[in-house]
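*Asks:* Have a look at the structure that comes next, please.
The values are calculated or read from the model by the stated rules, or taken from the named source; none is laboratory data. None of these values were measured; they are calculated from a predicted model. Note that we place each Cβ from the backbone using ideal geometry, even for glycine, and neighbour counts take in every protein chain shown.
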Amino acid sequence: MPTTTTPPELDRRHDDLYEGDNGSGRRPPNDKRTGGNGDGDNWNDQPQGRRGPRERLNRARAGLFFGLFAIFMFFVAVGTTFFVRKANAHVDAYSHWVNDWLPTAIPSILWLNTAVLLLSSISAEFARRSMFRENDALDEWFGYGRPTSRRAAIWLSVTLLLGSVFLAGQWVAWNQLAAQHTYFRGNPSSHFFYILTAMHAIHLLLGVGALIAALIVLRRARQFATRQVFVDTTAWYWHAMGFLWILLFLLLEYGQ
Amino acid sequence: MIAAPQQRKWPVARITVPVFLGLILAAAGTPVLAQGCAQCLDATQATPPQVQSAYRHGIYLLGGAGAAFFIAGVLLLRRNP
Amino acid sequence: MNASAQASKPAFRRSLIQTLARMTGAIFSTHHRNVGFGYLAISSLAVILGSLLSLLMRTHLAWPDWPLPLHGPILPEEYLALVTMHGTLMLFFVLTVAPQAGFGNLILPAQIGATRMAFPKINALAMWITALALAILLSAFFVPGGSPISGWTAYPPFSASALAGPGQGLGLDLWLASIALFALGGTLGAVNTLTTVVKLRAEGMIWQRLPLTVWGWFTAALLGVIAFSVLIAALLLLFCDRHLHTSFFIPSGTLINGVLLQPQGDGSPLLWLHLFWFFGHPEVYIAILPGMGLTSMVIANFARRRVFAYRLMIATTLLIGLLGILVWGHHMFVAGLNPFAGTAFALSSMAIAIPATAKVLSWLATVWGSRPRLPAAMLFALGFVSLFVAGGLTGPILAQPILDEYLHNTFFVVAHFHLIMAMAGIFGLFCATYYWFPLVFRRTLNEPLGKLHFWASILGAYATFLPMHLTGLAGEPRHYAQLTGIPGPAGRLLGNTMPLQQHITVAALFLFCAQLPFLYNLVRTLLRPTDAAENPWAATTMEWAPANASAESTAAVVHRGPCHYSENGETFTPQWESEAHPPE
């Protein structure tokens, strides 16, 4: 039984240097010029879990993955309440079933916000991918300047800006509803509108915090791998929150 | 002595699929087998069908999402041998 | 002399500062062992308080007129506060924290051949959040109105308004905050555990070779990640109902103490039950799954055999976890659940009997016909099996809606969950303590004292909780502060249970006192110099690997599954040994 295995992607070779990442961002800076596979500093001799940057990255991603279980289950629970509460009713004095649910008119600015959030996700993805672009990443790993970090920082700043615009847009939406005298207390549907949007905003604020942390790490962290981990997990978290928002938006727009 | 276990494919499907089929069959059979307190039955019968179905969908949503995440977690462990 | 005293003074001060620094370093360290000890300290405090509260409850039930010294007679609402705090402390801060987070942190990394957890800082943060949650919960004793009275399940509308009772104002708000924090800490800890198991296993520790304890921790953590956040959602919605005039859980026209709570709004308490028990039932498995895994490993260790049907045991662990997500409705059979849904949940609940029975059969088959050594650790593992069977047999009974209709609000249920969850869980913890004490402290706990502890504990456990089945069948309701002085036939019926009530109370006191030898044993052993050999139980799992004694040693490599013992049980091949022992 082989106790040591070669990570499969070390065997895979791509002709196009810029294809090296293949979108999933699995790669450490590179396996071609680092003396990786068989060039003396054999990764296979190292214990699993500390074979290199890829392991750290994967660990952070796994943690994020499990954390997202929890976040999504939270919204599933609120969503369950949404459906049941929407249907619930009571018997009035004339033995009629009376349902107190009045749909909340969703401000149309939410469409704009959704578009902005999607754009921010795209820029986050640019930032993430730029951290894994092979030649630049290698240069940076060797310490010849910081081309990838600089590019990623620009894209992350764009994401940060768009994310802030989204949050401001949510704020505007709440104000618009308030101007129509639709408050949190008004109706069960407005309870849900405010709870879902506010809880999503809180999670997105965590994402903003992560973006800021990633920007700081891009400037400060000495190890390239640390920078990769922060940018990568932040971007994935951002995507997940974007996806979550689309689900919530569909629920609020069409589910009421 | 005893050889190290081979990395045989784990028969998850062989276990989970019958379990789920069984559960689905059991759930399909439930309408003929209402059990519970008489008050519960009265309360349910006095409830409009859309409320009943809302609860039913809520149960499916919660249980389905929970089970899906559970299975996803186990699969993630399997993917990392 | 004077000079030497002067010289020793700064030296003493320096050593004092060093000791303090080391202690603060240990307290605020992110090393998984220190975090594990932190968790165990939290649950030790909680278990002592929780047991004392239960003794107060028992005393009040048996002798309702007895006034508590310095306090006076126990009022009904105070009894309910005792029930609530006992349940909350025991379920959250003992049975969830100690097996999963406490021993998980102490042992799990070593058992998978890792030197650390995946996210040490998050791990330590989770422990501190849990500690804060306990502090907030305990502070509820001291606020005006006292601690909440709506039980650890906090059913609305009882829990939805401060008007409902003395502790339902600030006390319940503190409870909500505490449990929300606890759930947050639990989620963070579970993410850490999951990532550790998935990503930090040593080379060769393929998942078929993972000890069943690790499978228990993994499954429990998976359940934690899924269940805790649903609880947070439910708590948030309940908070809105209490303070923001929403009506998620409050039906229209709810009158509480003569006050119309919600003139309009069509919430439903049933919704809370769905959300709460979606969390609550997996929570029960979080408490018991690590104990199940440990029992398998310890029994195999002392029977000097492999675990019977190892892969099936992995499958049953996962299946119990999966089914545990899908059975929450059996807590709601008499709460207005649709009877059709009741049947579905009854079926899924009874389905759990299949993997659970497979586990019991594996434990019995592993130990059957072997000549096991019977140190205290093994005795507690066997005690776990015994309690699991005794408590588990009432499970399929209670899973029938028709039977549950009668039994649900009686002490029969109390007996059921105390045997299968509380007592089995605690026995699992004692098993873990006796088994891993030599590993953690390099000292072996005194065996005669351990055996005394075991026999007294199992006698006390059965003497306390078996008669509760009888009082429950006789109709003793749960949550009733007083069983005497009730007029009519019901009162006569309950009056008949009073001799048993007094017996249960005495037995509970005995059970409490049975823990004194254990405490004495702990202190006595810790004061002694180290003595234990490196692997006193001849265990095969990675945590006993000699390399682990010196942290950050060379990488561990795993060569085989656990529990490789020779046919005659005399030699063994641990997981870390590259070559099997030469054949005898």
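One line per residue, one yes/no per condition, for (1) in contact with a strand residue (DSSP E or B) (Cβ under 6 Å, 6 or more places away or on another chain); (2) among the aliphatic types (A, V, I, L, M); (3) touching a residue at least 12 places away in the same chain (Cβ under 8 Å):
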residue: A:A198; (1), (2), (3): no, yes, no
residue: A:L204; (1), (2), (3): no, yes, yes
residue: A:R222; (1), (2), (3): no, no, no
residue: A:V229; (1), (2), (3): no, yes, yes
residue: A:D232; (1), (2), (3): no, no, yes
residue: A:A235; (1), (2), (3): no, yes, yes
residue: A:W238; (1), (2), (3): no, no, yes
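*Asks:* While we're on this one: May I ask you to list the residues in region A:168-198 that are among the aliphatic types (A, V, I, L, M) and surrounded by fewer than 19 Cβ atoms within 10 Å (Cβ to Cβ)? Steps first, answer last, please.
*Replies:* Taking region A:168-198 as the starting set, the residues that turn out to be among the aliphatic types (A, V, I, L, M) are A:168, A:172-173, A:177-179, A:195-196, A:198.
Scanning region A:168-198 gives A:A168, A:V172, A:A178, A:A179, A:A198.
*Asks:* So, in region C:252-309, how many residues would count as being over 30 Å from C:H564 (Cα atoms) and in contact with a strand residue (DSSP E or B) (Cβ under 6 Å, 6 or more places away or on another chain)? Let's see the steps before the verdict.
*Replies:* Going residue by residue through region C:252-309, those that are over 30 Å from C:H564 (Cα atoms) are C:252-284.
Pick out the ones that are also in contact with a strand residue (DSSP E or B) (Cβ under 6 Å, 6 or more places away or on another chain) and you get C:252, C:266.
Matching residues across region C:252-309 total 2.
*Asks:* Please go through region C:456-482 and pick out each residue that is of a type in the set (F, W, Y) and in contact (Cβ under 8 Å) with a residue 24 or more places away in the chain. Spell out how you get there, then give the answer.
*Replies:* Step one: filter region C:456-482 for residues of a type in the set (F, W, Y), giving C:462, C:465, C:480.
Of everything in region C:456-482, those that are of a type in the set (F, W, Y) and in contact (Cβ under 8 Å) with a residue 24 or more places away in the chain turn out to be C:Y462, C:F465.
*Asks:* Out of curiosity, is C:S362 among the small types (G, A, S), touching a Leu at 6+ places or on another chain (Cβ under 9 Å) and surrounded by fewer than 24 Cβ atoms within 10 Å (Cβ to Cβ)? Please lay out each step first, then the result.
*Replies:* Numbers: among the small types (G, A, S): yes; touching a Leu at 6+ places or on another chain (Cβ under 9 Å): yes; surrounded by fewer than 24 Cβ atoms within 10 Å (Cβ to Cβ): yes.
Yes.
*Asks:* Shifting gears a bit: Picking from A:A173, A:A152, A:A178, which residue would you name as being farther than 30 Å from A:A89 by Cα and modelled with pLDDT of 85 or more?
*Replies:* Working: A:A173 fails: farther than 30 Å from A:A89 by Cα; A:A178 fails: farther than 30 Å from A:A89 by Cα.
Just one listed residue meets the conditions, A:A152.
*Asks:* Here is a follow-up. How many residues does region A:70-82 hold that are under 14 Å from A:S190 (Cα atoms) and either more than 7 Å from chain C (Cβ to nearest Cβ) or among the hydrophobic types (A, V, I, L, M, F, W, C) (or both)? Break it down into steps so the answer makes sense when it comes.
*Replies:* Going through region A:70-82, the residues under 14 Å from A:S190 (Cα atoms) turn out to be A:78-79, A:81-82.
Next cut, either more than 7 Å from chain C (Cβ to nearest Cβ) or among the hydrophobic types (A, V, I, L, M, F, W, C) (or both) only: A:78-79, A:82.
Residues in region A:70-82 being under 14 Å from A:S190 (Cα atoms) and either more than 7 Å from chain C (Cβ to nearest Cβ) or among the hydrophobic types (A, V, I, L, M, F, W, C) (or both): 3 in total.
*Asks:* Let me spell it out: the conditions are (1) surrounded by 12 or more Cβ atoms within 10 Å (Cβ to Cβ); (2) at pLDDT below 75, and C:P536 meets all of them except one. Which number is the exception?
*Replies:* In the conditions (1) surrounded by 12 or more Cβ atoms within 10 Å (Cβ to Cβ); (2) at pLDDT below 75, C:P536 misses (2) alone.
*Asks:* Right, next: Across region A:83-100, what is the total count of residues that are more than 9 Å from chain B (Cβ to nearest Cβ) and either under 30 Å from the mean Cα position of the chain (by Cα) or among the hydrophobic types (A, V, I, L, M, F, W, C) (or both)?
*Replies:* The qualifying residues number 2.
*Asks:* Sticking with this structure for a sec: Of the residues that make up region A:176-187, is at least one assigned to a helix (DSSP H, G or I) and β-branched (V, I, T)? Lay out the reasoning, then the answer.
*Replies:* Of all residues in region A:176-187, those assigned to a helix (DSSP H, G or I) come to A:176-179.
Subsequent filtering for residues that are β-branched (V, I, T) retains none.
No: zero hits.
*Asks:* For region B:48-59, which positions are at the interface with chain A (Cβ under 9 Å from one of its Cβ atoms) and either among the β-branched types (V, I, T) or in a helix (DSSP H, G or I) (or both)?
*Replies:* Residues of region B:48-59 at the interface with chain A (Cβ under 9 Å from one of its Cβ atoms): B:48, B:50-55, B:57-59.
Selection gives B:Q50, B:V51, B:Q52, B:S53, B:A54, B:Y55, B:H57, B:G58, B:I59.
*Asks:* Collect the residues in region B:60-79 that are surrounded by 15 or more Cβ atoms within 10 Å (Cβ to Cβ) and either of a type in the set (K, R) or more than 8 Å from chain A (Cβ to nearest Cβ) (or both), keeping them in residue-number order.
*Replies:* Within region B:60-79, B:G63, B:A67, B:A68, B:F70, B:I71, B:V74, B:L77 qualify.
*Asks:* On to the next question. For region C:482-514, name all the residues that are surrounded by 19 or more Cβ atoms within 10 Å (Cβ to Cβ) and in a loop (DSSP other than H, G, I, E, B).
*Replies:* Taking region C:482-514 and keeping what is surrounded by 19 or more Cβ atoms within 10 Å (Cβ to Cβ), we get C:483, C:494, C:497, C:501, C:504-505, C:507-508, C:511, C:514.
Hits for region C:482-514 are C:L483, C:T497, C:A514.
*Asks:* Here's a follow-up. Can you tell which of C:R209, C:R242 is within 9 Å of another protein chain (Cβ to nearest Cβ) and charged (D, E, K, R)? Please lay out each step first, then the result.
*Replies:* Values: C:R242 fails: within 9 Å of another protein chain (Cβ to nearest Cβ).
Only one candidate passes the filter, namely C:R209.
*Asks:* If you don't mind, there's one more thing I want to ask. Anything in region C:461-481 that is in a helix (DSSP H, G or I) and over 14 Å from C:Q502 (Cα atoms)? List them, or say none.
*Replies:* Step one: of region C:461-481, the residues in a helix (DSSP H, G or I) are C:461-473.
Across region C:461-481, the qualifying residues are C:A461, C:Y462, C:H469, C:G472, C:L473.
*Asks:* Go through C:S8, C:S44, C:S54 for me and flag whichever is part of a helix (DSSP H, G or I), at pLDDT below 90 and of a type in the set (G, A, S). Full working, then the answer.
*Replies:* On the way: C:S44 fails: at pLDDT below 90; C:S54 fails: at pLDDT below 90.
The match here is C:S8.
*Asks:* Select from region C:360-374 the residues that are assigned to a loop (DSSP other than H, G, I, E, B) and aliphatic (A, V, I, L, M) and list them in ascending order.
*Replies:* Quick first cut of region C:360-374, residues assigned to a loop (DSSP other than H, G, I, E, B) only: C:368-374.
Within region C:360-374, C:L374 is the sole residue that qualifies.
Let's see how each residue does on (1) more than 30 Å from C:H564 (Cβ to Cβ); (2) surrounded by fewer than 18 Cβ atoms within 10 Å (Cβ to Cβ); (3) more than 23 Å from the chain's Cα centre (by Cα):
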{"position": "C:L326", "(1), (2), (3)": "yes, no, no"}
{"position": "C:F333", "(1), (2), (3)": "yes, no, yes"}
{"position": "C:T343", "(1), (2), (3)": "yes, no, yes"}
{"position": "C:W368", "(1), (2), (3)": "no, yes, yes"}
{"position": "C:T394", "(1), (2), (3)": "yes, no, no"}
{"position": "C:H408", "(1), (2), (3)": "yes, no, no"}
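*Asks:* Right, here's the next one. Among the candidates C:F141, C:F119, C:F92, which residue alone is modelled with pLDDT of 90 or more and either within 19 Å of C:L200 (Cβ to Cβ) or charged (D, E, K, R) (or both)? Quick ask: steps written out before the conclusion?
*Replies:* On the way: C:F141 fails: either within 19 Å of C:L200 (Cβ to Cβ) or charged (D, E, K, R) (or both); C:F92 fails: either within 19 Å of C:L200 (Cβ to Cβ) or charged (D, E, K, R) (or both).
Sole residue among the options that is modelled with pLDDT of 90 or more and either within 19 Å of C:L200 (Cβ to Cβ) or charged (D, E, K, R) (or both): C:F119.
*Asks:* Filter region C:314-359 down to the residues that are in contact with a Lys or Arg (Cβ under 8 Å, 6 or more places away or on another chain), at the interface with chain B (Cβ under 9 Å from one of its Cβ atoms) and part of a helix (DSSP H, G or I) and list them by number.
*Replies:* C:A341
*Asks:* Is there any pair linking a residue in region C:281-300 that is hydroxyl-bearing (S, T, Y) to one that is not in a helix (DSSP H, G or I), with Cβ under 7 Å and at least six apart or on different chains, and which?
*Replies:* As it stands, the answer is C:S296/C:V307, since those pairs meet every condition given.
*Asks:* Find all pairs meeting these conditions: Cβ atoms under 7 angstrom apart; at least six residues apart or on different chains; first residue within region C:214-242 and outside any helix (DSSP H, G or I); second residue among the aromatic types (F, W, Y).
*Replies:* Short answer, once both residue conditions are applied: none.
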